[in-house]
Structure formats: C-alpha cells, structure tokens
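Values quoted throughout were computed directly from the atomic coordinates according to the rules given, and no laboratory measurement underlies them. Source: prediction; values computed, not measured. Here the Cβ is made from the backbone with ideal geometry for all residues, glycine too, and neighbour counts use every protein chain on show.
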Amino acid sequence: MELTPEETVLEVNSRLLRVPRKFLQILPLRPPMWSLVRRRPDDAPPAAAEDGKYAVCPSCCERSPLIDSAPTLRCRRCGAVYAVAWSDSPWRAFEVLPGRPVPGALARARAVALRALATAFGLRA
C-alpha cells in the first residue's frame with residue numbers, strides 16, 4: 001500500500017488500484033466485522049447484489065452477497081460469523097488521519113472505540 005494525502009495505491013486481486021484518499025477509511029487494525037464494498041461499474045459482477053454491493057469477510061477476505069439488512073453473516077469459505085458493518089461511524093475512532101488531533105479528541109475516540117469493540121464482540125461497554 002502506498003499512501004499520500006491525496007490518494008492511496010492498493011493491491012486488489014494482484015492489481016494496483018489508485019483510490020482517492022477521501023473514499024477510504026484507513027485503520028491500524030482489521031475490524032472484526034464484514035466490510036461493505038460497492039463494486040466498480042466496469043468490474044465483472046462477483047458476488048455483488050443488484051445494487052453492486054457485497055461484503056468482505058474480516059477473516060479470510062471472501063466476498064459475499066448481502067442479505068437485506070442482516071446483522072450478521074456466516075462466511076461460506078472459513079465458516080466464521082461476524083457482524084455486518086452497516087455503519088462504520090464508530091470505527092472512525094481508529095482511523096489514521098494526517099496532522100495533529102484536536103485537544104480531547106483522542107480521549108473521546110478511545111471511549112467510542114471501546115464501545116464499538118464491545119458491541120462487535122457482544123461484551124458490555
């Protein structure tokens with residue numbers, strides 16, 4: 001992966017792909033939840049639903065079609081069950097951003113992150 005303030009170069013399926021940074025959420029860890037992805041219009045439809053969205057397993061990266069608004073999905077490749085990240089807003093607490101944070105932002109982000117992890121793992125916050 002190559003990262004600049006304007007764009008990121010990712011390796012996807014053994015191909016280099018340039019993506020504007022504003023379209024990515026860059027985290028220092030892999031969230032224990034299915035990531036939602038919208039396929040590009042010029043891609044062959046893999047496991048995407050009609051709207052072009054599919055989920056990516058956090059364990060093995062298998063693509064899976066989305067089932068309505070299911071709270072969890074079982075991976076057909078590795079068999080693991082994870083929550084679906086229908087909203088990624090709590091994970092923004094982990095996002096790697098350029099520059100210095102606003103005073104107090106890290107403490108607030110830590111509290112939000114702990115709640116998000118507790119929810120993802122079914123624990124009390």
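Here is how the numbers come out for the structure above:
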| item | result |
| --- | --- |
| Long-range HN-HN contacts of Y82 with modeled amide H, under 5 Å | L73, C75 |
| Packing-based order for 23-31, 77-85, 107-115, 53-61, using average beta carbon neighbours within 10 Å, highest first | 53-61, 77-85, 107-115, 23-31 |
| Gain in span if fully extended, L114 to K53, counting 0.36 nm per residue against the direct Cα distance | 19.2 nm |
| Neighbourhood net charge (15 Å Cβ-Cβ; Lys/Arg +1, Asp/Glu -1) for T4 | 0 |
| Calculated FRET value between R18 and L123, using beta carbons and R₀ = 35 Å, to 0.05 | 0.35 |
